[in-house]
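The values are calculated or read from the model by the stated rules, or taken from the named source; none is laboratory data. Given the structure is predicted, the values throughout are model-derived calculations rather than measurements. No Cβ is skipped: glycine too gets one built from the backbone with ideal geometry, and neighbour counts run over all protein chains shown. Note: accessible area is taken over every heavy atom of the protein model, side chains too, but ligands, DNA and RNA are not part of it. Shrake-Rupley method; radii C 1.70, N 1.55, O 1.52, S 1.80 Å.
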Amino acid sequence: MAQKAGRRYVRAFVSGFFVAVPVTVTVLDRLAYVARVDGASMQPSLNPEGASAPDVVLLNRWSVRNYQVQRGDIVSVVRLSEKPYLCLVSGSPKNPKQKIIKRVIALEGDFIKTLGYKNRYLRVPDGHLWIEGDHHGHSFDSNTFGPVSLGLIHGKASHIIWPPNRWQKIKPSVPPDRRPMLNWGESTEDEDDDEEK
């Protein structure tokens, strides 16, 4: 009797396992996954206490499936080559498994004043974004390698889920001094709010 119950338990476990694994893989591939944020490039928004207490964020893959991102979103992108000419010519990533997490400062068509890029002023090309870390000078971002192709976006950070005292939804925001200089016919939510006041 106990032997039959044990076999039923093993069969149920095995069949559940073979259902759970594909469902989990699909969820992680299409919907969302969690990632630990290392480094100081996004301080103080992420990792305000540094390496002693790194933030863990929920990266929403579903929301970027049609490249629908807005200024101020924090996104994960495939890490680009440290040699800018390789990024611009071939677009080939240095390590496709490594991702970086940065804030979207400007969208395609926006004019931006850069912080040390080869061109002081730049129009973000069609199909690209301008991304930066919040901790300027300690960030490997568009000021190093230029505009990023929308195709390199991997996910959008929607929530901080660890440590527990930092649980929160991440709201899009662009620092006032980093807003695009000119937007072709578009307005940001912040500009709309300013007009209403």
For segment 159-179, how many residues are assigned to a strand (DSSP E or B) and among the basic types (Lys, Arg)? 1
Quick one: what pairs do we get from segment 39-60, first residue over 15 Å from SER139 (Cβ atoms), second surrounded by 20 or more Cβ atoms within 10 Å (Cβ to Cβ) and polar (S, T, N, Q), C-beta under 7 Å, 6+ apart or different chains? PRO54/ASN47; ASP55/ASN47; LEU59/SER76
Would you point out the residue of segment 136-149, among those that are more than 12 Å from ILE101 (Cα to Cα) and assigned to a loop (DSSP other than H, G, I, E, B), that is modelled with the lowest pLDDT? GLY137
Does any residue in segment 142-156 that is in contact (Cβ under 8 Å) with a residue 12 or more places away in the chain and within 16 Å of TYR117 (Cβ to Cβ) come within less than 8 Å, Cβ to Cβ, of a residue that is of a type outside the set (Ser, Thr, Tyr) and assigned to a helix (DSSP H, G or I) six or more places away or on a different chain, and which pairs are these? THR144/PRO84; PHE145/PRO84; PHE145/CYS87; GLY146/PRO84; GLY146/CYS87; GLY146/LEU88
Members of segment 119-135 found to be open to solvent by 80 Å² or more (accessible area, probe 1.4 Å), touching a residue at least 12 places away in the same chain (Cβ under 8 Å) and either among the basic types (Lys, Arg) or part of a loop (DSSP other than H, G, I, E, B) (or both), listed by number: ARG123, ASP126
How many residues, within segment 136-152, are over 13 Å from VAL78 (Cα atoms) and open to solvent by 30 Å² or more (accessible area, probe 1.4 Å)? 4
